[in-house]
Amino acid sequence: MKRKLKSKRRKDKHIKNPKNLGFTAFEHPFNKIDKDVLKKAFLSTGQESSKKFPAILQSLLGHFRTWYPPFIISTIATYGLQVGVGDEGVSSQGFIENMQQHHVEMLQALALTLPHAEWGSEPAPPKVIQQVIDQAGELAEAFMYRRFVAMDEERDEQQRVVLALQERLRAHTQMVRNWGYFSAVVRISKEMYGALDQDLSSHFGFSATDMIEVSKALLTSFERRANQRWTVLRDIFRASTTEQLVRDFYAKYPDVEGDPSEFLAGIPKDVTTQMVKYRLLAHADIALVKLGIADADELAELTGRTSEVVGQILGKLSLRPGDLCAEQIDSFFLANPIWISPGMKIAGEFFFPTPQIIFSHIHPIMNALAEAAGVKTKLERRRATFLEAKVKEVVERALPGISLTTNAKWEVDGKIFETDLLGQIDRVAFIVEAKSAALTPQGLRGAPDRVKRHVRDLVVSPAQQSFRLEQIILQAKAGDPSSFGIVSSLGLVLGDIDIVIRVSVTLDDFSTICSAENELKAAGWVPQDLRLAPTLGLADFEVVADILDEPAYFLHYLAERERVQKSIDIFGDELDYLGFYLQTGFNIFSLEEAGVALAITEMSQAIDHYYCSIDAGVEVRKPSPKIHSQLARIIQEIRRRNARSWTSMSLDMLSMGSAEEQDLLFSELEILRENVRKNYIDPKHLCSLVVSPPAHRAACVIFYVYPEVLSNQRQDIVSQLAGDAFAEQNRTRCIIVGRKIEEWHRPYQFIGIAMPQKASP
């Protein structure tokens, strides 16, 4: 829209926020189904699942009684959980579609309910393996769907919400395994639990570091053997003729006995070379169990530990067949004993078909060891001190130059409060609460009282603490003398604070339920007037800081992360939020306005690919925010110059709109530049673009384009542009970016903030 200015007679254009958000959103097909019909269908599915569950379970146990369970588990783990690694990085999918770690954990637990004498002894044929794969998926789905019956039976609306929250946590517990990427998990575990080395060594004969190093070597050895197997098979299967294929297999594949000529003579004439490959692969799979057999001597050599120490560690991490015979199988879905003891001791050998389980569940494993050694209290103290120190390290690395205070104490009405981490960088006050309490088995199972306690301890209490301090800062800015005294005592420069960013960091992954702010308030677990801070696990907090390695992006993410979880219902974990931010910058006003609910559970794929590839030794490009290159240059230059109020200006500019609107903006600027070049002598020439973000944004942004000959007049022109913007829009500030047409290669010629003039008394 064009309009005339009141005195200088120049014109500007207004750019409103876009509808295109830079990612693909589609309507869930269930939205088109009548709710009563949908509810009836889910209830029917739940009732049917309750009937099917016992039959599926007995069928699986029947397979284990007929065939050798370790072979079944090894085969499914090998083809379902191992992924390929190439020049492009790590693949996101195993050879068996939709086979996840929790399925294999369940199969292993089921096998351990049977004594060794009841196990079958022969390798299962491919047909049976496929049946087990199908039934493992059906069993997990049946467990999930049959809980719809319990939700339907509950008539109290608030209790329904409570049940829905429990389902969020249960689904996360049942399906999600990794609280961090492998290298980060190992590093964090060694740094944190190394403090217990002497205590555990005195009690068990091995230290926490011993256990972590042996477990890492166990996984490394497993992967090396698996890779060697695939390398040999690929070489063998390059054969172009059946005869060469068979002879290479007998010559090159380990432990193959027999006469290849005899095998060749028995092949029917109508059998193709490809069919023979499948048969030889099935034969090779018989040796898969050996991949999971731990070699104590090898592990001792790899880790520099004694074979005795290695044996003690493997024994502590293992269960024997029949050890779970008295357990309730329903509990395996949400508190599987395999999480604490991921190995199996079979006839004197230790079998670890999925050694990565150790690191997926290192926290409960270490908690169990500490409790057995009588040092649980020491572990709790260590978790707290470690978390606070680590969070400080991450913040200082993400925000160079920030002034930080740890354990900042302040007093209100005679009561002492303490903020774990308090800092200020430019015009941003940064408040962090670090909570190290661990999720309990009862909480993981979704026990209402325990889940509520976790929400209170890990979400509500730290949010109340940071919210309380934020309010004091705002009251001090409004002129309250007592609040001003508190803020001054904390070393904050009140006049330099425009924005307060709050965040809570935990050790355990609680992200799925933490972000469900509307549901938590509907359940009565969170006060209605409390603004929850975003709650991130430590490993995810590190990832956010690493991916958003430009300080402005890091600050913008956390500032907008709090707002987004209030304005729209989103289901996803923290790295899904991060992936969502990379695509949208959280500039999703059209979705917020529509009041939709979003499932963003696949949006972390690029981030997963990056870190998993690094762990596999393949370097790929780091994901980055989808931001126009010219805007990125402006943001970088503002910070490089350490311009006053660079944080406020950067965050406001990052909130202008989606990547698509940024493209439009800078395309319009190119047109405007040419227009100014041709028409600047005309006092009515078009000279500016005004970006008007949604009303909830604090600032508008004006791009002013001028030639060198008008440089002396720019201050007057800019003042009028800002004045007109404030007259038309209810904004608390206006960012003004000046660009000279003769020096267009520069990100900007000048940049600043204008504030509305206060009315005279």
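Give me the distance in nm between label points sitting 7 Å out from Cα along the Cα-to-Cβ direction at GLN475 and GLU660, one decimal.
The modelled label-to-label distance comes out at 4.5 nm.
Could you tell me the center-to-center distance, by alpha carbons, between segment 200-245 and segment 601-679 in angstrom?
42 Å
So how much slack lies between ALA55 and SER629, counting 0.36 nm per residue of separation and subtracting their Cα-Cα distance, in nm?
200.8 nm
When the chain is fully extended, how far beyond the present Cα-Cα distance does ARG187 get from ASN730, taking 0.36 nm per residue of separation?
Going from the current span to full extension adds 190.6 nm.
When only C-alpha pairs under 8 Å and at least 6 residues apart count, what is the relative contact order of segment 378-615, in percent?
18 percent
Output the pairs from LYS316/LYS378; LYS390/LYS415; LYS52/LYS216; LYS477/LYS566; LYS477/LYS684; LYS216/LYS435 with a Cα-Cα distance over 32 Å in this structure; if there are none, say none.
Exceeds cut-off: LYS52/LYS216; LYS477/LYS684.
Please report, in whole Å, how far the alpha carbons of segment 378-615 spread along each principal axis, starting with the longest.
48, 41, 40
Find the centroid of the Cα atoms in segment 689-710 and in segment 356-384, then give the distance between the two in whole Å.
Their Cα centres are 54 Å away from one another.
Given Cβ point charges of +1 (Lys, Arg) and -1 (Asp, Glu) and nothing else, what value in debye, to the nearest 20, does the dipole of segment 378-615 about its Cα centre take?
Rounded to the nearest 20 debye, it is 960 debye.
To check my understanding: the extent here is largest minus smallest coordinate of the Cα atoms along each principal axis. What are those three numbers for segment 219-279, in Å, largest first?
Over segment 219-279, Cα extents along the principal axes are 43, 21, 15 Å.
Tell me, what is the FRET efficiency for ASP235 and ASP270 to the nearest 0.05, using R0 = 30 angstrom and their Cβ-Cβ distance as r?
With a Förster radius of 30 Å, E is 0.65.
Provide the FRET efficiency to the nearest 0.05 for the ILE681-LYS622 pair, computing r from the beta carbons and using R0 = 60 Å.
Computed FRET efficiency for ILE681 and LYS622 comes out at 0.80.
Out of SER489, ALA545, PHE510, whose Cα points farthest toward the positive end of the dipole of segment 468-586 (charges: +1 Lys, Arg; -1 Asp, Glu; placed on Cβ)?
SER489
Could you compute the FRET efficiency for SER331 and GLN130, with r as their C-beta to C-beta distance and R0 at 25 Å, rounded to 0.05?
With a Förster radius of 25 Å, E is 0.35.
How many nm separate the modelled label positions at GLU48 and ASP457, each set 7 Å beyond the Cα in the direction of the Cβ?
Distance between the two pseudo-spin positions: 4.2 nm.
When you count, for each residue, the other Cβ atoms within 10 Å and take the mean per peptide, how do 194-203, 386-395 rank with the highest first?
386-395, 194-203
Summarise the long-distance tail of P(r) for segment 229-346 by giving the % of C-alpha pairs beyond 19 Å.
Across segment 229-346, Cα pairs with separations above 19 Å total 63 percent.
For q values of 0.10, 0.16, 0.19, 0.23 Å⁻¹, compute log₁₀ I(q)/I(0) with the Debye formula on a Cα-only model of segment 548-650, without solvent.
These q points yield log10 I(q)/I(0) values of -0.33, -0.80, -1.02, -1.23.
How much length is gained on full extension from ARG381 to VAL493, taking 0.36 nm per residue of separation minus their Cα-Cα distance?
Taking 0.36 nm per residue and subtracting the Cα distance, the gain is 37.0 nm.
All of the numbers you see were taken from the coordinates with simple rules; none came from a lab. Just so it is clear, the structure is predicted and the values come from calculations on it, not from any experiment. Heads up, the Cβs are rebuilt from the backbone with ideal geometry, glycines too, and the neighbour counts pull from every protein chain shown.
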